[in-house]
Amino acid sequence: MNLQDIEAFVAVAESGSVNRAAVRLNLTQPATTRRIQNFEAATGGTPLFNRAVKPAVLTSHGGHVLEYCRRVLTAVAELEACTTNAADPAGNLKAGIAHGLGEMVLTSPLDALRQSFPRIRLQVSSNWTTNLIEDVRSGALDCSVGLLTDAHMVPTGLSRIPLGSEQVVVVAASWGQRKRDGNPWRLRDLAGEGWFLNPPGCGCRAALVKSFDRLQLPIHIAAEVFGEDLQLSLLAHSGGLGLVPRRQFEHSPHRHKLQILDMLDFTLPVTVALIRNAASGRFDPAIELLVSELKAKLA
């Protein structure tokens, strides 16, 4: 097997398409297909893709091989970096950002990174924090910025760099929920209300549901709405309850129609942290700058 065939396999696996992989590799589609065939033959002939579905997806064996291939390509890139100017890294820096942070956190830090390291090409994706941690562990991402709660585990071999603190708050329409006695709210008071929450996979939703379960209370999910911005818009217009990072609430154009409920028995402090491989790598100068810029942005 050779390095070019490995690169082709990883490109197809990550892009989900031979055509997109060919563009990424600056090859023709037939040439990319031949490299995939060569790689499958070199690895024993066991199919790496399930071609019975369209588009083809990785088999379980293919997913296992992909993780090792990423390690090979990372090692080769590190070797190349050792023989070039380490202070001016080049290549594709793959970064992840947790849902709920997005552009309000990353915009100016990424601008600073692009200006300081013009030879780096950024590839930014968004996902749940749990998935981002796994993607860094597997090598699919070089680093990620996540919202970490007590429930999140960072595996051995990864480094967790705290960037700042955040609080996830319960939000309602300003014309809706009111406490006549002025006391803080309890989850029991909200048991019959409808919640607008992210789909399963969101760590904050999981923490809320766990709190209701611990009190043996029902939770009524009125709608699963992907994205806190849309949730806040719906809450402002139709009422109900939501769960969002305070920073996102404060930047929302709907905040004047919303209120944060003072909760007595539910708090969800989180840490905004950058997750990366604990070992040194070629993108260290860029990641260090990103950490510095993010800390300043979150201060």
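The values are calculated or read from the model by the stated rules, or taken from the named source; none is laboratory data. Every value quoted in this text rests on a predicted model; they were computed, and no experiment measured them. All Cβ positions, even for glycine, are placed from backbone atoms using ideal geometry, and neighbour counts span all protein chains on display. All accessible areas refer to the heavy atoms of the entire protein, side chains included, with ligands and DNA or RNA removed. Shrake-Rupley method; radii C 1.70, N 1.55, O 1.52, S 1.80 Å.
Go ahead and run the numbers for FRET between residue 59 and residue 183, Cβ-Cβ distance against an R0 of 45 Å, rounding to 0.05.
Values: r = 57 Å, r/R0 = 1.27.
With a Förster radius of 45 Å, E is 0.20.
Specify, per residue and in Å³, the volume enclosed by the convex hull of the alpha carbon atoms belonging to segment 89-187.
Details: hull volume 14.4 nm³, N = 99.
Taking the convex hull of the Cα positions in segment 89-187, it is 146 Å³ per residue.
The alpha carbons of segment 15-140 give a radius of gyration and a Dmax of 17.1, 48 Å, in that order. The eigenvalues of the Cα gyration tensor, multiplied by 5 and square-rooted, give segment 223-276 an equivalent ellipsoid with semi-axes of 21, 15, 12 Å from largest to smallest. Roughly how many whole Å is it from the C-alpha centroid of segment 3-43 to that of segment 279-299? For segment 3-43 versus segment 279-299, the Cα centre distance is 32 Å. Geometric descriptor of the chain, per residue, is 162 Å³ (volume of the convex hull of the Cα atoms).
For segment 1-74, the alpha carbon positions stretch 29, 26, 19 Å along the principal axes, listed from largest to smallest.
The 3J(HN,Hα) values that the Karplus relation (6.51, -1.76, 1.60; θ = phi - 60°) gives for segment 61-74 are, in residue order, 5, x, x, 5, 5, 4, 4, 5, 5, 4, 5, 4, 5, 5 Hz. Gly and Pro appear as x.
Packing-based ranking of 269-279, 42-52 yields 269-279, 42-52, ordered from highest to lowest mean Cβ neighbour count within 10 Å. For segment 148-299, the normalised intensity computed at q = 0.13, 0.20 Å⁻¹ comes to -0.67, -1.26 (log10 of I(q)/I(0), Debye sum over alpha carbons, equal scatterers, no solvent). Computed from backbone phi with θ = phi - 60° and the Karplus coefficients 6.51, -1.76 and 1.60, the 3J(HN,Hα) list for segment 270-275 is 10, 10, 7, 9, 9, 10 Hz; x is used for glycine and proline.
Per DSSP helix of 4 or more residues, -39500 (n - 2.57); summed, then divided by the residues of the chain. What does that give at 222 nm, rounded to the nearest 500? List each step's numbers first, then the result.
Values: 10 runs with 126 residues, N = 299.
Computed ellipticity for the chain at 222 nm equals -13500 deg cm²/dmol.
Taking θ as phi - 60° and the Karplus parameters 6.51, -1.76 and 1.60, the scalar couplings of segment 27-32 work out to 10, 7, 5, x, 5, 5 Hz in sequence order, x denoting glycine and proline. Taking every DSSP bridge with both residues inside the chain, close to 60 percent are antiparallel.
Residue 289 sits with roughly 40 Å² accessible to a 1.4 Å probe, with DNA, RNA and ligands left out of the calculation.
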